[in-house]
Amino acid sequence: MSIHSYALPLSLTLALAACGDTEADSDSSGTTHADDSTGSGEAACVEDDLDPMPFAGPGYDADKGGLQEPLQDKYVASTTFLVLRPETAQDFGATVQAMIPVLTSNPGLVGFSTATSAKCGTARTLTVWRDQTAMMNFVASDEHVAGMTRAQEFSTTGTVTSWEVTRAELPLGWDTAIARATAATPSY
């Protein structure tokens, strides 16, 4: 897979520009549904339009059988969840776009996916790393630090969490990432 195929998907950029209302959803009976995605326990939007890109990266290629050599017994997974401010969508997209080359050039990256909900105005990431050191090398990169320092400018709340996974658990699905983000304490 070429580096260009890791570019921020057009759907993410468009979804960020069209961030929807983040108020609670109600069903036909008027019942408000608790959000299973924020980890806050507060009522919020249901991301039934979540639009993920395929999980891929230097260490994972579905067309070549999935995980690529060298195989390991354990990996590190991480997920982020942001409720975006619609007025900052363009700057947020540019900031994320600047991170992609740094992310994909990290020799410890296995793979990643992003997902957005235009209806809820949310953005999510899911990454898998060969080890904690590789993940922290990306976290400490200038591009990622620049994004982290602007997180509260771009979003009203955010959750970041990481955990160990086995080879048998890969590739991770969005249901796992959402459950992990839901169980974690919001970062702000």
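As a calculated quantity, the FRET efficiency between Glu169 and Thr133 at R0 = 22 Å, using C-beta atoms, amounts to about 0.60. Taking label points 7 Å from Cα along the Cα-to-Cβ direction, Gln97 and Thr176 give a separation of 3.1 nm. Each of Asp49 and Lys64 was given a label point 7 Å from its Cα along the Cα-to-Cβ line. The distance between the two points is 3.6 nm.
Averaged over residues, the count of other Cβ atoms within 10 Å places the peptides 136-149, 75-88 in the sequence 75-88, 136-149, highest first. A Förster radius of 22 Å combined with the Cβ-Cβ distance from Ala183 to Asp73 puts the calculated FRET efficiency at roughly 0.40.
Where a number appears in this text, it was derived from the coordinates with a stated rule and is not lab data. Computed from a prediction, not measured in an experiment: that's the story for all the values here. Positions of Cβ are generated from backbone atoms using ideal geometry, with glycine treated the same way; all protein chains shown enter the neighbour counts.
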